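Some notes on the structure that comes next.
The values are calculated or read from the model by the stated rules, or taken from the named source; none is laboratory data. Nothing here was measured: the structure is a model prediction, and the numbers come from that model. Note that each Cβ is placed from the backbone with ideal geometry, even for glycine, and that neighbours are counted across all protein chains shown. Side chains are part of the model used for accessible areas, which takes the heavy atoms of the whole protein and leaves out ligands, DNA and RNA. Shrake-Rupley method; radii C 1.70, N 1.55, O 1.52, S 1.80 Å.
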Amino acid sequence: QVQLAESGGGLVQPGESLRLSCVASGSTFGINFMAWYLQAPGRQRELVASITSGGSTTYADSVNGRFTISRDDTKKTVYLQMNNLKPDDTADYHCNVVRFQTCYWGQGTRVTISS
């Protein structure tokens with residue numbers, strides 16, 4: 001089993017930045033795919049960004065150029081640097097990892113963008 005703990009959410013104004021972190025614990029050997037998803041009220045969970053064990057990244061069109069995903073395997077952590085935040089970015093952000101074809105989810109951290 002893998003446990004995931006997200007942190008770094010909060011309330012910020014448009015144009016500001018946040019950095020989300022997700023630390024994996026438990027049976028972490030073999031984690032390859034790591035990602036961040038968002039879930040806004042009334043909407044399905046959406047992929048924001050992903051990163052493979054080889055460092056290949058993908059981004060949703062809505063965040064491309066503003067968000068950066070990275071990982072530190074020595075710390076078993078995946079990060080999401082979010083810059084130039086917009087009100088539409090408001091959502092719960094969930095960490096997701098895949099280990100030996102099994103998917104694990106964190107509880108989420110809330111990000112609110114409001115002036």
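Quick one: longest stretch of the chain between exposed loop chymotrypsin sites (Phe, Trp or Tyr not before Pro), exposed meaning at most 14 other C-beta atoms within 10 Å and loop per DSSP? Can you show the working numbers first?
Working: sites that count: PHE29, PHE100.
Looking at the chain, 30-99 is the longest stretch - no exposed chymotrypsin sites (Phe, Trp or Tyr not before Pro) with at most 14 other Cβ atoms within 10 Å.
What is the Cα convex hull volume of the stretch 15-75 when expressed per residue in Å³? Could the numbers behind the result be given before it?
On the way: hull volume 7.4 nm³, N = 61.
Normalising the Cα hull of the stretch 15-75 by residue number yields 121 Å³.
Per-residue HN-Hα couplings for the stretch 14-25, Karplus 6.51 cos²θ - 1.76 cosθ + 1.60 at θ = phi - 60°, whole Hz, x for Gly and Pro?
Using θ = phi - 60°, the values come out as x, x, 7, 10, 9, 10, 8, 10, 9, 9, 9, 9 Hz.
Determine the per residue accessible area of the chain with all protein chains present and a 1.4 angstrom probe, expressed in square angstrom. Walk me through the intermediate numbers first.
Values: 6190 Å² over 115 residues.
Accessible surface, normalised per residue, equals 54 Å².
Quote the charge dipole size of the chain about the Cα centre in Debye, to the nearest 20; the model charges only the Cβ of Lys and Arg (+1) and of Asp and Glu (-1). Could the numbers behind the result be given before it?
Details: 10 positive and 9 negative charges, 37 e Å.
The dipole magnitude comes to about 180 debye.
Just checking the chain: which Cys have no other cysteine's beta-carbon under 4.7 Å?
By the Cβ distance rule, which asks for a partner under 4.7 Å, the isolated cysteines are CYS103.
Can you send over the carbon and sulfur percentage of the accessible area for the stretch 68-115, probe radius 1.4 Å, protein chains only? Walk me through the intermediate numbers first.
On the way: 1120 of 2580 Å².
Here carbon and sulfur together make up 44 percent of the probe-accessible area.
Take the Cα radius of gyration of the chain and divide it by 2.2 N^0.38 Å, with N its residue count; two decimals is plenty.
On the way: Rg = 13.4 Å, N = 115, 2.2 N^0.38 = 13.4 Å.
Ratio of Rg to 2.2 N^0.38 Å for the chain: 1.00.
³J(HN,Hα) across the stretch 55-67 via Karplus (A = 6.51, B = -1.76, C = 1.60, θ = phi - 60°), whole Hz, x for Gly/Pro?
x, 6, 10, 9, 9, 5, 4, 5, 10, 4, x, 10, 10
Give a quick list of trypsin sites (Lys or Arg not before Pro) in the stretch 2-48 that DSSP marks as loop, anything other than H, G, I, E or B, with at most 12 other Cβ atoms within 10 Å.
Values: sites: ARG19, ARG43, ARG45; in loops: ARG43, ARG45.
Listed in order of number, the matching sites are ARG43.
Using a ≥ b ≥ c from the Cα gyration tensor of the stretch 51-114 (square roots of the eigenvalues), is it rounded, prolate or oblate, where a/c under 1.5 gives rounded and otherwise the larger of a/b and b/c decides, a/b for prolate?
On the way: a/c = 2.07, a/b = 1.52, b/c = 1.36.
Here the stretch 51-114 falls in the prolate category.
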